[in-house]
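Structure first, then comments.
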Amino acid sequence: MQTEKFQYDNRIVRNFAIATMVFGIVGMLVGLLVAIQLYEPAANLGNQYTSFGRIRPLHTNAIIFAFVGNAIFMGVYYSLQRLCKSRMYSDVLSNIHFWGWQLIIVAAAITLPLGLTTSKEYAELEWPIDIAITLIWVVFGWNMFGTIIKRRERHMYVAIWFYIATFVTVAVLHIVNSFELPISLFKSYSFYAGVQDALVQWWYGHNAVAFFLTTPYLGMMYYYLPKAVDRPVYSYKLSILHFWTLIFLYIWAGPHHLLYTSLPDWAQSLGVAFSIMLIAPSWGGMINGLLTLRGAWDKVRDQPVLKFFAVGITAYGMATFEGPMLSLKNVNAIAHFTDWIVAHVHVGALGWNGFMTFGILYWLIPRIYQTKLHSTKLANFHFWIGTLGILFYAVPMYWSGFTQGLMWKEFTEAGQLKYEFLDTTKQILSLHVFRSIGGTLYLTGTIVMVYNIVKTMTAGKLVANEDAEAPALESNYAPTGHASYWHKALERKPMTFMVLSIVVVLIGGAVEMLPTFLIKSNIQTITSVKPYTPLELHGRDLYIREGCVGCHSQMIRPFRSETERYGEYSKAGEYVYDHPFLWGSKRTGPDLMREGGKYPNSWHYNHMIDPRTMSPGSIMPAYPFLAEQSMNVTNIKDKINAMRTLGVPYEKGYEERALQDLQAQAKTISDNLASEKIKIESDKELIAIIAYLQRLGTDIKLTNSAAN
């Protein structure tokens with residue numbers, strides 16, 4: 001049979017590898033700064049651009065989309081060409097993809113510290129960047145499917161299945177979650193409100209973890225692990241079962257992030273049920289990976305690449321067992337809003353994503369540079385210091401999480417709450433010190449890896465266009481076999497495979513979201529709940545800008561410990577005008593749902609200027625600049641009009657007097673502060689923040705709440 005000669009594109013692989021290493025260091029450095037800020041407020045560096053609320057999303061976006069994202073593209077572009085026995089469909093598309101993705105990362109690095117954020121977890125970037133992400137993701141898919149269609153290998157190997165599922169699902173998640181109404185170039189409001197927004201966000205948030213941090217890495221595991229160990233994957237049939245059950249079940253599990261909230265109980269229960277079922281396919285993948293190493297443990301001892309893979313896959317197994325356990329309501333009641341969740345997330349991120357990325361880099365770079373790794377000793381050092389880093393990070397955070405969850409719920413014999421919220425904050429400070437030590441160790445290992453890789457690159461020469469040859473694809477090929485015949489036939493049809501993957505993925509999202517949107521009884525209205533005043537709305541936008549939702553929840557769960565501490569538990573109808581929702585995912589500070597009227601305006605003023613004057617021992621950053629910066633209310637009309645478009649019942653024409661109402665309410669607060677000898681002009685941003693905080697939770701009282 002005559003073969004065809006062609007060349008693999010290694011330059012694009014090299015480019016993504018360099019970006020992976022650069023943004024890995026940057027993202028981890030920002031993460032270390034964030035970790036230090038949680039026990040040393042001075043680490044906020046005294047300005048608004050480096051405060052915890054603004055750079056915490058910078059850290060998560062840098063790790064997820066810059067470090068991990070570039071690593072995914074590096075791994076996919078190398079493996080896909082070899083699995084398809086074809087060069088990438090278009091060098092032009094490859095370069096547009098690379099540079100477009102890097103520009104998106106730079107845009108995120110600029111906008112997030114400036115406070116330009118939607119506040120949605122893992123989806124903080126504003127609408128112009130969302131559009132750019134969509135376009136570049138389409139370029140990636142176009143290039144990927146073009147390569148698959150022109151392949152010289154008849155059957156699509158299991159890695160390609162996961163790449164296809166990643167592309168189609170991330171596209172759906174991003175588009176649905178990014179429905180927003182722009183009011184300016186850098187400001188928008190979520191199309192959804194309250195409970196519906198929360199459901200869509202965590203359907204996205206959980207499955208961003210599933211289909212951006214998990215499925216592409218499973219695809220890469222199925223390619224790079226057998227290559228590194230020089231033996232086939234343990235079970236083809238198990239890989240089929242693993243793939244289809246995983247992508248079907250995963251999409252249902254998002255509501256487990258919203259247990260004991262105002263989300264309808266039936267949706268919570270679905271999230272729990274499918275989360276438990278997820279153990280089976282998740283561990284199926286882990287077992288398939290680890291059993292591929294069966295009989296090769298002598299190689300694992302000698303080869304750092306396999307060490308990274310073995311621990312990475314084990315971390316995946318641990319995280320995917322713990323996730324379903326955290327979905328059990330009795331466990332979630334203690335763990336949610338605590339550092340336990342932080343530990344869980346980082347076992348996956350540092351162990352699974354980090355170690356798999358490091359292993360792939362160590363395996364891949366010497367091959368495309370046709371040389372040996374500069375130093376196996378340094379790679380082994382990286383492995384051990386990285387492993388220690390994970391332990392020093394995760395163990396204190398587990399301990400911290402258990403401490404928080406139990407202290408928040410503890411009562412005295414007299415039936416009073418035993419601890420103030422600030423007591424728990426002080427109790428865990430030393431554990432956060434250990435966390436930052438763990439982060440330092442992990443970062444040190446990464447820096448050593450970058451040095452090792454750079455030395456490897458300089459010792460060799462990039463084979464930018466690697467010669468290859470393979471027979472042309474046979475047009476009359478017929479699959480053989482029995483039990484897996486049907487799947488072998490499906491593996492020959494990439495577009496059919498893609499459509500079937502979309503159908504399997506969409507079922508769970510549709511079943512959970514459509515009833516929540518279409519059946520009004522799922523979210524009962526409350527007559528006393530009114531829209532925010534213009535000043536309160538502006539204050540809410542400033543609250544979002546400063547990232548306050550990263551530390552404070554606005555969701556009181558129906559536990560005695562929470563109602564005693566915060567007040568009446570939260571109702572779904574209280575959030576119908578919240579675009580976006582602000583329920584939070586972690587309590588570094590106390591819940592603010594019933595903050596309105598709890599303290600005088602002067603308390604809030606002093607607390608924002610210097611939190612430790614009102615709460616000794618607080619780790620909250622100071623916000624003196626809010627008392628110096630004037631409100632920009634030039635777009636208040638646009639805000640009111642946008643809210644009306646989204647269903648908030650501002651009366652027609654109200655936008656014309658909105659500014660007047662804003663100024664009148666601001667003057668009332670300023671005059672009140674003046675009566676307590678606090679001089680501040682009524683047009684300062686702090687006035688709007690105070691107005692918003694004083695509004696929280698005041699629409700309903702226990703004695704007069706009325707659900708219709």
Tell me, yes or no, whether the range 265-280 has at least one residue that is of a type in the set (S, T, N, Q) and under 25 Å from G389 (Cα atoms). no
Consider I360 against the criteria (1) of a type outside the set (S, T, N, Q); (2) within 29 Å of T440 (Cα to Cα); (3) touching a Leu at 6+ places or on another chain (Cβ under 9 Å); (4) modelled with pLDDT of 95 or more: it satisfies all of them except one. Which criterion is unmet? (3)
Note on the range 522-536: residues closer than 18 Å to D265 by Cβ and assigned to a loop (DSSP other than H, G, I, E, B) are I523, Q524
Any residue in the range 227-240 that's closer than 12 Å to G285 by Cβ: show its pairings with residues that are of a type in the set (A, V, I, L, M) and in a loop (DSSP other than H, G, I, E, B) at Cβ separation under 9 Å, as long as the two are six or more apart or on different chains. Y234/L293; S239/V233
Quickly run through the range 38-81 and pick out the residues that are out of contact with any Asp or Glu (no Cβ under 6 Å at 6 or more places or on another chain), of a type outside the set (A, V, I, L, M, F, W, C), under 24 Å from E126 (Cβ atoms) and in a helix (DSSP H, G or I). N44, Q48, Y49, T50, R54, R56, H59, T60, N61, G69, N70
Limited to the range 73-93, what total is found for residues that are surrounded by 24 or more Cβ atoms within 10 Å (Cβ to Cβ) and among the small types (G, A, S)? 1
Mind counting the residues in the range 230-260 that are surrounded by 24 or more Cβ atoms within 10 Å (Cβ to Cβ) and among the β-branched types (V, I, T)? 2
Which of the helices (runs of 4 or more DSSP H) found entirely inside the range 635-707 contain at least 1 residues meeting this: basic (K, R) and free of Cβ contacts under 8 Å to residues at least 12 places away in the same chain? 636-645
Counting only residues in the range 366-400 that are over 31 Å from the mean Cα position of the chain (by Cα) and among the hydrophobic types (A, V, I, L, M, F, W, C), the one surrounded by the fewest Cβ atoms within 10 Å (Cβ to Cβ) is identified as L378
Checked the range 605-627 for anything among the charged types (D, E, K, R) and either closer than 15 Å to C551 by Cα or part of a helix (DSSP H, G or I) (or both); matches are R612
Options N15, N70, N10; residue that is within 26 Å of K461 (Cα to Cα) and buried (at least 24 other Cβ atoms within 10 Å of the Cβ): N70
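The values are calculated or read from the model by the stated rules, or taken from the named source; none is laboratory data. Note that the structure is predicted; figures quoted are calculated from it, not measured. Here the Cβ is made from the backbone with ideal geometry for all residues, glycine too, and neighbour counts use every protein chain on show.
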